[in-house]
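*Asks:* Before anything else, here's the structure in question.
The values are calculated or read from the model by the stated rules, or taken from the named source; none is laboratory data. Given the structure is predicted, the values throughout are model-derived calculations rather than measurements. Here the Cβ positions follow ideal geometry from the backbone for every residue, glycine too, while neighbour counts run over all protein chains shown.
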Amino acid sequence: MGKQEIRTHIRAAKKAVPFFDRQSRSAIIMQHVSQLHAFSSAHVVLLYWSMPDEVQTMDFIDFFKDEKVILLPCVVGDNLVLKQYLGAELMQKGEQFGIGEPVGDAFVQLGDIDVAVVPGVAFDRFRNRMGRGRGFYDRLLKNMPNAYKVGVAFDFQLLDSIPVDPHDVCMDCVVTEREII
């Protein structure tokens, strides 16, 4: 299958999973993430404010916000700008996608990020990641040389292999509710 076929297939699979099931699966996935040595020893962590069809991160972010520096992406044009999460009351609706984004100054010390936890449409057993097609995370992750990159997904988003382009950034680890690769 090509990238667009995979995206269509995964979108349908996500719609077939009730929201409550996505919530419970997300809790298991994020528990696995919290137990990774790279995460437990990290000081600065990039996460994401989840869309309804993604692995849910809001509770996880709130739980760790006082223990770690939590960064969230903000969409600015064709790029992601990172800002520190300081609480739900300091979030605003993003202009392009309506995703929650922190207010405040941009975090520009990308080399200080220890762990990056990122969503994807699909991942494969070689730890390749396929996003939604705009390249936001690929461009960002290339500028984070020290970050341990963790892809999070529901088990049905993990495929044997996916098409890979030269600009695609590979993950160091992929976490689903059933396994860690």
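*Asks:* Keeping to the stretch 23-53, report how many residues are modelled with pLDDT of 95 or more and within 12 Å of F154 (Cα to Cα).
*Replies:* So the count comes out to 8.
*Asks:* Continuing with the same structure: Give the residues of the stretch 47-59 that are buried (at least 21 other Cβ atoms within 10 Å of the Cβ) and either β-branched (V, I, T) or over 12 Å from the mean Cα position of the chain (by Cα) (or both), sorted by residue number.
*Replies:* V55, T57 - these are the residues of the stretch 47-59 that are buried (at least 21 other Cβ atoms within 10 Å of the Cβ) and either β-branched (V, I, T) or over 12 Å from the mean Cα position of the chain (by Cα) (or both).
*Asks:* Here's something else I'd like to know. Of all residues in the stretch 83-126 being of a type in the set (K, R) and at pLDDT 95 or above, which is nearest to L159 (Cα to Cα)?
*Replies:* Narrowing the stretch 83-126 to residues of a type in the set (K, R): 83, 93, 125.
Those left that are additionally at pLDDT 95 or above: 83, 125.
Values: K83: 32, R125: 7 Å.
Of everything passing the filter in the stretch 83-126, R125 is nearest to L159 (Cα to Cα).
*Asks:* Please verify whether V69 is β-branched (V, I, T), touching a strand residue (DSSP E or B) at 6+ places or on another chain (Cβ under 8 Å) and surrounded by 13 or more Cβ atoms within 10 Å (Cβ to Cβ), treating the condition exactly as stated. Spell out the reasoning first.
*Replies:* Working: β-branched (V, I, T): yes; touching a strand residue (DSSP E or B) at 6+ places or on another chain (Cβ under 8 Å): yes; surrounded by 13 or more Cβ atoms within 10 Å (Cβ to Cβ): yes.
Yes; evaluated as a whole, the condition is true for this residue.
*Asks:* Pick out, from the stretch 88-181, the strands (runs of 3 or more DSSP E) lying fully within it that include 1 or more residues that are touching a His at 6+ places or on another chain (Cβ under 7 Å).
*Replies:* Working: elements: 91-93, 100-102, 115-118, 122-124, 148-152, 173-175.
So the answer is 173-175.
*Asks:* Would it be correct to say that V44 is surrounded by fewer than 18 Cβ atoms within 10 Å (Cβ to Cβ), within 17 Å of the chain's Cα centre (by Cα) and farther than 21 Å from R178 by Cα? So that I can check it myself, show each step before the final result.
*Replies:* Numbers: surrounded by fewer than 18 Cβ atoms within 10 Å (Cβ to Cβ): no; within 17 Å of the chain's Cα centre (by Cα): yes; farther than 21 Å from R178 by Cα: yes.
The answer is no for V44.
*Asks:* Related question: Residue under question is D138, and the condition is that it be surrounded by fewer than 18 Cβ atoms within 10 Å (Cβ to Cβ), out of contact with any Lys or Arg (no Cβ under 9 Å at 6 or more places or on another chain) and without any contact (Cβ under 8 Å) to a residue 40 or more places away in the chain; does it hold?
*Replies:* On the way: surrounded by fewer than 18 Cβ atoms within 10 Å (Cβ to Cβ): yes; out of contact with any Lys or Arg (no Cβ under 9 Å at 6 or more places or on another chain): no; without any contact (Cβ under 8 Å) to a residue 40 or more places away in the chain: yes.
The answer is no for D138.
*Asks:* Any idea how many residues of the stretch 13-57 are in a helix (DSSP H, G or I) and without any contact (Cβ under 8 Å) to a residue 24 or more places away in the chain? Full working, then the answer.
*Replies:* Residues of the stretch 13-57 that are in a helix (DSSP H, G or I), as a first pass: 13-15, 19-34, 37-40.
Now drop any that are not without any contact (Cβ under 8 Å) to a residue 24 or more places away in the chain, which leaves 20-21, 24, 31, 37, 40.
Looking only at that region, the number is 6.
*Asks:* Restrict the check to the stretch 101-124 and report whether at least one residue is surrounded by 14 or more Cβ atoms within 10 Å (Cβ to Cβ), within 21 Å of I29 (Cα to Cα), touching a residue at least 24 places away in the same chain (Cβ under 8 Å) and of a type in the set (F, W, Y).
*Replies:* Yes; the residues of the stretch 101-124 include at least one that is surrounded by 14 or more Cβ atoms within 10 Å (Cβ to Cβ), within 21 Å of I29 (Cα to Cα), touching a residue at least 24 places away in the same chain (Cβ under 8 Å) and of a type in the set (F, W, Y).
*Asks:* Then there is this: Would you check which residues across the stretch 68-87 are in a loop (DSSP other than H, G, I, E, B) and not charged (D, E, K, R) and list them? If you could, list the steps in order and put the result at the bottom.
*Replies:* Within the stretch 68-87, the first condition is being in a loop (DSSP other than H, G, I, E, B), and the residues that meet it are 68, 77-78, 85-87.
Those that are in a loop (DSSP other than H, G, I, E, B) and not charged (D, E, K, R): G77, Y85, L86, G87.
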